[in-house]
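Undergrad: For reference, the structure I am asking about is given below.
Readers should treat all values here as calculations from the given coordinates under stated rules, not as data from a laboratory. Predicted, not measured: the structure shown is a model, and the values here were computed from it. Cβ atoms come from the backbone with ideal geometry, glycine included; neighbour counts cover every protein chain shown.
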Amino acid sequence: MRAPEPRARESGEQRAQMAAKRKRGAPAAGKAKRARSAPSAGEVAPEERSVPPQEYSIPPPVSQGKWKNKERVLIFSSRGINFRTRHLMQDLRTLMPHSKADTKMDRKDQLFVINEVCEMKNCNKCIFFEAKKKQDLYMWLSNTPHGPSAKFLVQNVHTLAELKMTGNCLRGSRPLLSFDPIFDQEPHYTLLKELFIQIFSTPQYHPKSQPFVDHVFTFSITDERIWFRNYQIIEEDASLVEIGPRFVLNLIKIFQGSFGGPTLYENPHYQSPNMHRRLLRLSVAAKFREKQQVKEVQKIKKKGTKVLVEEDPTEVVFETPAEEKPVEIQLVKPESKPIVKDKKKLRKIQRKKQKKLFRTEGSA
């Protein structure tokens, strides 16, 4: 039974030598590993094998750039807007992937509270729809919190669902912005142009945007108003097909601050909706008064045309007077006729009288 002891000692000494050699960095003198069989012609050596394909790897994004322009636009409204304004607001959110939404603001709150809302939402631009009298719609475009800001009256609103145009564009794609040459001629239009660029242009490499340009926003000036249109760019012939929505902006004022402050520009051609409605009422009243005056003049003319003709005494010569009826005086009271409302009853009464007469004659 003492035979296995020297083997155990030898194995312990071998382990100690192997550990010492590992520390020195020398190759360990252990048991020889099995020699791998030589690779066949079809197989490739492990050193020559390529990196295995990543089957479950996430594909990289289409745009490899970095998102630097952190523009975010808050789009919301006050209470009291109608369905058309709500649909327009939803269309703008769809066309602007860099926009954010918020709940409706109470009418009692002041406008400068919007700056705090934008700060909480981490937005530096704002589009605010303000409704008054449930029929007038105003739009505020502001660079929060330092300004400037512009107030517009929104007219002729047509939404995407209402127009049903043939144009279409990719959701989240970046638009081109086209401006009328008048925007570069006057200073207040130049300021509005820069404000439109910062609000409506989608930042490059935005996470929610697509790296394609397939539609264009046009801002044209006609009749002292800004007309907004959205067109699709067709690749084949570079023609334009309208998508929608469409609306008209009538500039009221430009303020230095955000939702207030000193007035930088005031539109002299602007006419408030209340004044416009008042002028319409006055025009209707003026037309009514004019009709009444015309009627009175016609009456006066008719009276003036009547000329009094003197009576000719010779006209009565050939007139024969009518025979006068003799006056008859009734000394006897006339018989009272029975008041019968129904004719059938009168006939029944007459029949009864006739039957009585026949009976009296027969009895006689």
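Undergrad: Sticking with the crude label model, points 7 Å out along Cα→Cβ, report the distance from Lys132 to Leu280 in nm, one decimal please.
TA: 1.7 nm
Undergrad: While we're here: Can you list residues from other chains, or at least 5 along the same chain, whose modelled amide H is less than 5 Å from the amide H of Ser258?
TA: Gly147
Undergrad: List the pair-distance distribution P(r) of the stretch 223-364, using every Cα-Cα distance, as the percent of pairs falling in each 10 Å bin from 0 up to the bin containing the longest distance, rounded to whole percents.
TA: 7, 9, 10, 10, 9, 10, 9, 8, 9, 10, 6, 2, 0
Undergrad: Would you tally the net charge around Thr144, using a Cβ to Cβ cut-off of less than 9 Å, leaving Thr144 out, and scoring K and R as +1, D and E as -1? Please report the intermediate quantities before stating the final value.
TA: Numbers: positive: Lys125; negative: Glu119.
Here the charged neighbours net out to 0.
Undergrad: If you look at just the Cα atoms of the stretch 73-275, how large are its Rg and its Dmax in Å?
TA: Gyration radius and largest Cα-Cα distance of the stretch 73-275: 16.5, 53 Å.
Undergrad: Ser239 to Gln298: FRET efficiency via 1/(1 + (r/R0)^6), r the Cβ-Cβ distance, R0 56 Å, to the nearest 0.05? Numbers along the way, then the final one.
TA: Working: r = 60 Å, r/R0 = 1.08.
Calculated transfer efficiency: 0.40.
Undergrad: What are the extents of the Cα atoms of the stretch 103-156 along their three principal axes, in Å, largest first?
TA: 31, 22, 15
Undergrad: Residue-wise, which Karplus ³J(HN,Hα) couplings in Hz belong to the stretch 78-95, taking 6.51 cos²θ - 1.76 cosθ + 1.60, θ = phi - 60°, and x for glycine or proline?
TA: Rounded to whole hertz, the list is 8, 6, x, 7, 8, 5, 5, 5, 5, 5, 4, 5, 5, 5, 5, 5, 5, 6.
Undergrad: Among all the lysines, which ones have a C-alpha under 25 Å from Lys333's C-alpha, if same-chain residues fewer than 8 places away are not counted?
TA: Lys325, Lys341, Lys353
Undergrad: Taking the convex hull of the alpha carbon atoms in the stretch 257-337, what volume per residue do you get, in Å³? Walk me through the numbers before you get to the answer.
TA: Details: hull volume 29.3 nm³, N = 81.
Expressed per residue, the convex hull around the Cα atoms of the stretch 257-337 is 362 Å³.
Undergrad: To continue, here is another question. Which residues' amide hydrogens lie under 5 Å from the amide hydrogen of Ile243, considering only partners 5 or more residues apart or on another chain, with H built in the peptide plane?
TA: Under 5 Å from the amide H of Ile243 lie the amide H atoms of Asn230, Tyr231, Gln232, each far enough along the sequence or on another chain.
Undergrad: From the phi angles alone, apply the Karplus equation (6.51, -1.76, 1.60; θ = phi - 60°) to the stretch 188-195 and give each ³J(HN,Hα) in whole Hz, x where the residue is Gly or Pro.
TA: 5, 6, 5, 5, 5, 4, 5, 5
Undergrad: With r defined as the distance between the Cβ atoms of Thr263 and Leu176 and R0 fixed at 35 Å, what FRET efficiency is calculated, to the nearest 0.05? Mind showing how you got there, number by number?
TA: Values: r = 32 Å, r/R0 = 0.92.
According to the calculation, E is roughly 0.60.
Undergrad: Provide the gained length on full extension for the span His146 to Asn82, in nm with one decimal, where the gain is 0.36 nm per separating residue minus the Cα-Cα distance.
TA: Numbers: separation 64, 0.36 × 64 = 23.04 nm, distance 3.05 nm.
Length gained, His146 through Asn82: 20.0 nm.
Undergrad: So between Thr360 and Ser336, what do we pick up on full extension, going 0.36 nm a residue minus the alpha carbon distance? Could the numbers behind the result be given before it?
TA: On the way: separation 24, 0.36 × 24 = 8.64 nm, distance 2.49 nm.
Answer, rounded to one decimal: 6.1 nm.
Undergrad: List the lysines whose alpha-carbon lies under 28 Å from that of Lys121, not counting same-chain residues fewer than 8 positions away?
TA: Lys66, Lys68, Lys70, Lys100, Lys104, Lys108, Lys132, Lys134, Lys151, Lys193, Lys208, Lys253
Undergrad: Run the simple label-point estimate for Ser272 and Met120 please: 7 Å along Cα→C-beta, distance reported in nm.
TA: Computed distance between label sites Ser272 and Met120 equals 3.1 nm.
Undergrad: Hey, any idea what Rg/Rh is for the stretch 134-242, computing Rh the Kirkwood way over Cα pairs?
TA: Numbers: Rg = 15.3 Å, Rh = 15.7 Å.
Reported Rg/Rh (Cα atoms, Kirkwood Rh): 0.97.
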